[in-house]
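Trainee: Here it is, the structure, as structure tokens.
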Amino acid sequence: MGGDPAGPINPDEHDFALWEKRVDALMVLTSAAGLMTTDSLRRVLEDMGPDAYETMTYYERWIASVAQNMVEAGAVTTEELGAKMTEVRARGSTYGAAS
Amino acid sequence: MPHDHHDHSHEGLSTSGHPYRADNDTGLSYWQVMEIALRELLIEKGYLTAAQIHAQINAMDSRSPANGARVVARAWVDPEFKAALLDNASEVSRAMGFDIGPMHLIALENTDEVHNVVVCTLCSCYPRNLLGLPPDWYKSRAYRSRTVIEPRKVLSEFGLNLPEQMQVRVHDSTADMRYIVIPAQPEDSFGLSEEALAAWVTRDSMIGVGLPLAPK
């Protein structure tokens, strides 16, 4: 990415939402537990390709990568994750209700 | 109404004056569902505890650029400290009580002749232990792509126009190596106490896209 052409830099800033902080915490803690590394986080991010930068937010890319890393580490299976996601979705239509 | 906009409304802004991520106010997204599900599974299976996650978020919230500002202010008033900082910033920051983790922290001194600026072209590596979480623009494609090829133009977009004779050095962070800029002390601040000086040290001056500023 370094050196690629790109447009102006958007200086807007935002405060992190709780779910974003939780994604960050999951990355830090699963790394500390030896389940993933910064490099394995980045490998999955880079596998997503440049389009992911246009269609997903920063922490959306991160949770996708952490989840992939947890499957690869054998901590969870895709079936377990899918089943749990269905369960979570049934709890309500807002983050507060579902978490 | 012709003037029905909300110039002075703070609705939708947090206490810091920044808007919350839109995701906070909209329906539950696919990726939020994944975060909840993965977190709960990791707790159920005993890899993590809810208390650990809570403590990690508290630690994250307690870090801010004020930490880095204390380090810079001390470097301005104490030449021996500055020499030690430039020699081994990880060790010196730890000695001040900051949790730096296992990474190597490198302090870069701005002078009359050299201006340093930090980027992470690979991802978003940032001295978060001293500055908190990185701002959105630091993580953006535009900043990461352009800072290494046209740093002066990028800096000018941040309102920082450097004289032509000033050398610009761009430092690309990695997972294991983080950089913090020690900005040059403004002449107007000479003679102030270390505590007063810390208020001059902005986050952007420690990334290299700004200069220290007199507190308002």
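The values are calculated or read from the model by the stated rules, or taken from the named source; none is laboratory data. Please read all numbers here as calculations on a predicted model, not as lab measurements. We place every Cβ from the backbone using ideal geometry, glycine too, and count neighbours over all the protein chains shown. We work out accessible area using only protein heavy atoms, side chains counted, and drop any ligands, DNA or RNA first. Shrake-Rupley method; radii C 1.70, N 1.55, O 1.52, S 1.80 Å.
Trainee: Show the residue pairs meeting these rules: Cβ distance below 8 Å; 6+ apart or different chains; first residue within the range B:93-108 and of a type in the set (D, E, K, R); second residue open to solvent by 30 Å² or more (accessible area, probe 1.4 Å).
Mentor: Here the result reads B:Asp99/B:Ala59, each pair linking the range B:93-108 to a residue that is open to solvent by 30 Å² or more (accessible area, probe 1.4 Å).
Trainee: Next up: Is it true that some residue in the range B:176-199 is closer than 21 Å to A:Arg42 by Cβ, open to solvent by less than 40 Å² (accessible area, probe 1.4 Å) and of a type in the set (Gly, Ala, Ser)?
Mentor: Initial filter on the range B:176-199 (closer than 21 Å to A:Arg42 by Cβ): B:176-179.
Still in the list and also open to solvent by less than 40 Å² (accessible area, probe 1.4 Å): B:178-179.
Subset that is of a type in the set (Gly, Ala, Ser): none.
No, every residue in the range B:176-199 fails to be closer than 21 Å to A:Arg42 by Cβ, open to solvent by less than 40 Å² (accessible area, probe 1.4 Å) and of a type in the set (Gly, Ala, Ser).
Trainee: Moving on to the next point. Just to be sure before I move on: is B:Arg21 in contact with a strand residue (DSSP E or B) (Cβ under 8 Å, 6 or more places away or on another chain), modelled with pLDDT under 95 and basic (Lys, Arg) in the structure I sent? Talk me through it step by step, then tell me what you get.
Mentor: Numbers: in contact with a strand residue (DSSP E or B) (Cβ under 8 Å, 6 or more places away or on another chain): yes; modelled with pLDDT under 95: yes; basic (Lys, Arg): yes.
Taking the combined requirement at face value, the residue satisfies it.
Trainee: Another question, if that's okay. Kindly evaluate B:Glu150 against the criterion of being among the acidic types (Asp, Glu) and over 17 Å from A:Gly3 (Cβ atoms).
Mentor: Details: among the acidic types (Asp, Glu): yes; over 17 Å from A:Gly3 (Cβ atoms): no.
In short, no.
Trainee: OK, next. Considering only the range A:72-81, I want to know if a residue exists there that is free of Cβ contacts under 8 Å to residues at least 60 places away in the same chain, open to solvent by 50 Å² or more (accessible area, probe 1.4 Å) and at the interface with chain B (Cβ under 7 Å from one of its Cβ atoms).
Mentor: Yes - at least one qualifying residue is present in the range A:72-81.
Trainee: Which residues, taken from the range A:82-98, are loosely packed, with under 14 Cβ neighbours inside 10 Å, closer than 16 Å to A:Arg22 by Cβ and at the interface with another protein chain (Cβ under 7 Å from one of its Cβ atoms)?
Mentor: none
Trainee: Starting from residues that are open to solvent by less than 50 Å² (accessible area, probe 1.4 Å) and not in a helix (DSSP H, G or I), keep the ones in the range A:20-54 and report whichever is farthest from B:Thr121 (Cα to Cα).
Mentor: So, considering only residues that are open to solvent by less than 50 Å² (accessible area, probe 1.4 Å) and not in a helix (DSSP H, G or I), the one farthest from B:Thr121 (Cα to Cα) is A:Leu35.
Trainee: Answer yes or no as to whether B:Ser93 is within 28 Å of A:Arg22 (Cβ to Cβ), in the same structural domain as B:Gln185 (by TED's automatic domain parsing) and crowded, with 18+ Cβ neighbours inside 10 Å. Write out each step before concluding.
Mentor: Values: within 28 Å of A:Arg22 (Cβ to Cβ): yes; in the same structural domain as B:Gln185 (by TED's automatic domain parsing): yes; crowded, with 18+ Cβ neighbours inside 10 Å: yes.
Yes.
Trainee: In the range A:4-19, which residue that is open to solvent by less than 30 Å² (accessible area, probe 1.4 Å) and assigned to a loop (DSSP other than H, G, I, E, B) is nearest to B:Met34 (Cα to Cα)?
Mentor: Filtering the range A:4-19 for residues open to solvent by less than 30 Å² (accessible area, probe 1.4 Å) gives A:9, A:14, A:17, A:19.
Remaining after also requiring assigned to a loop (DSSP other than H, G, I, E, B): A:9, A:14, A:17.
Numbers: A:Ile9: 30, A:His14: 22, A:Ala17: 15 Å.
Here the residue is A:Ala17.
Trainee: Kindly provide the set of residues from the range A:20-39 that are more than 7 Å from chain B (Cβ to nearest Cβ) and free of Cβ contacts under 8 Å to residues at least 24 places away in the same chain, ordered by number.
Mentor: A:Ser31, A:Ala32, A:Gly34, A:Thr37
Trainee: Now for a different question. Got a sec? Which of B:Ser145, B:Ser156, B:Ser205 is facing chain A (nearest Cβ under 10 Å) and either buried (at least 19 other Cβ atoms within 10 Å of the Cβ) or outside any strand (DSSP E or B) (or both)? Explain how you work it out, then say what you get.
Mentor: Numbers: B:Ser156 fails: facing chain A (nearest Cβ under 10 Å); B:Ser205 fails: facing chain A (nearest Cβ under 10 Å).
Sole residue among the options that is facing chain A (nearest Cβ under 10 Å) and either buried (at least 19 other Cβ atoms within 10 Å of the Cβ) or outside any strand (DSSP E or B) (or both): B:Ser145.
Trainee: Oh, and also: Out of the residues in the range B:124-142 that are free of Cβ contacts under 8 Å to residues at least 24 places away in the same chain and facing chain A (nearest Cβ under 8 Å), which is surrounded by the fewest Cβ atoms within 10 Å (Cβ to Cβ)? Walk me through it before giving the result.
Mentor: Keep residues of the range B:124-142 that are free of Cβ contacts under 8 Å to residues at least 24 places away in the same chain, which gives B:124, B:134, B:136-137, B:139-142.
Subsequent filtering for residues that are facing chain A (nearest Cβ under 8 Å) retains B:124, B:136-137, B:139-142.
Values: B:Ser124: 19, B:Asp136: 19, B:Trp137: 20, B:Lys139: 19, B:Ser140: 21, B:Arg141: 15, B:Ala142: 17.
The qualifying residue surrounded by the fewest Cβ atoms within 10 Å (Cβ to Cβ) is B:Arg141.
Trainee: If we only count helices (runs of 4 or more DSSP H) wholly inside the range A:55-99, which ones have 1 or more residues that are of a type in the set (Val, Ile, Thr) and at negative phi? I'd like the intermediate steps shown before the answer.
Mentor: Working: elements: A:58-72, A:78-89, A:95-98.
In the range A:55-99, A:58-72, A:78-89 are the helices (runs of 4 or more DSSP H) which contain 1 or more residues that are of a type in the set (Val, Ile, Thr) and at negative phi.
Trainee: Here is a further query. Out of A:Leu45, A:Leu29, A:Leu41, I need the residue that is modelled with pLDDT of 90 or more and more than 21 Å from B:Asp136 (Cβ to Cβ). Which one?
Mentor: Values: A:Leu45 fails: more than 21 Å from B:Asp136 (Cβ to Cβ); A:Leu41 fails: more than 21 Å from B:Asp136 (Cβ to Cβ).
That would be A:Leu29, the only listed residue that is modelled with pLDDT of 90 or more and more than 21 Å from B:Asp136 (Cβ to Cβ).
Trainee: Follow-up. Take the residues in the range A:8-19 that are without any contact (Cβ under 8 Å) to a residue 60 or more places away in the chain and out of contact with any strand residue (DSSP E or B) (no Cβ under 7 Å at 6 or more places or on another chain), then tell me which one is nearest to A:Leu41 (Cα to Cα).
Mentor: Checked the range A:8-19; the qualifying residue nearest to A:Leu41 (Cα to Cα) is A:Phe16.
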